[in-house]
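Below is one structure, written out as structure tokens; comments come after it.
Where a number appears in this text, it was derived from the coordinates with a stated rule and is not lab data. None of these values were measured; they are calculated from a predicted model. Counting neighbours? That spans all protein chains shown, and the Cβs are built from the backbone with ideal geometry, glycine included.
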Amino acid sequence: KNPPKFSSLIRYIFSGMAGGFFVLLFLGNFQEFIMAYFASVLTVFLMDQMSKLSLNFFVKNIFGGFIAAILGVLLILLFGMFNIHGDYNKVIVGPLMTLVPGVSLTNGIRDLISGELIAGNAKIMEALFIAIALAFGVGMVLQITINIF
């Protein structure tokens, strides 16, 4: 496996910024930006720690969606104690977007267009399975929190 091109600190900082700016893209406010920033940093950090374990590809992405959603909900509750409110849907979307397989999907479509049918379909299916796993992880958290709150 290739080593990362950037240091862990740089990756965490900019993953947090990406998650936060996705919240603003979905018409969130500054408080939600801050919550999504921290949730994104923690999600990427925990996914890095999980990559050291020998987990199944699908299970790892389920945990990624679960972690992103549970951190979003917990940060909404934590900030709510200080009378800072936000929409948990937007705060969950921020860290989740850092896990979405956009490059894999784009490369799969590019391969299909260039005539590489097997490689293109494989990359698109990989992106689809990642999206399904992320949705499954988020769905578990939302189902649990709906029943509790």
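A compact table of results
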item	result
99, 71 arranged by Cβ crowding within 10 Å, fewest neighbours leading	99, 71
Over 26 Å [Cα-Cα, the chain], rounded percent	29
Under-23-angstrom lysine pairs by C-alpha in the chain, whenever the two are 8 or more apart or on separate chains	9
Förster radius 35 Å - calculated FRET efficiency between residue 8 and residue 106, Cβ distance, rounded to 0.05	0.90
Computed lengthening from residue 77 to residue 147, 0.36 nm per intervening residue step minus Cα-Cα distance	23.7 nm
Karplus (6.51, -1.76, 1.60) ³J(HN,Hα), θ = phi - 60°, over segment 80-95, in Hz, Gly and Pro reported as x	x, 5, 9, 6, 10, 9, x, 8, 5, 4, 5, 6, 6, 5, x, x
Order of 132, 34, 67, 118 - criterion: other Cβ atoms within 10 Å of each residue's Cβ, fewest first	118, 132, 34, 67
Kirkwood hydrodynamic radius of segment 1-57, Cα pairs, Å	12.2
Candidates per chymotrypsin sites (Phe, Trp or Tyr not before Pro) in segment 15-113, loop by DSSP, up to 16 other Cβ within 10 Å	26, 82
Whole-number D in µm² s⁻¹ for segment 67-149, Kirkwood Cα-pair radius fed into Stokes-Einstein, 20 °C, 1.002 mPa s	149
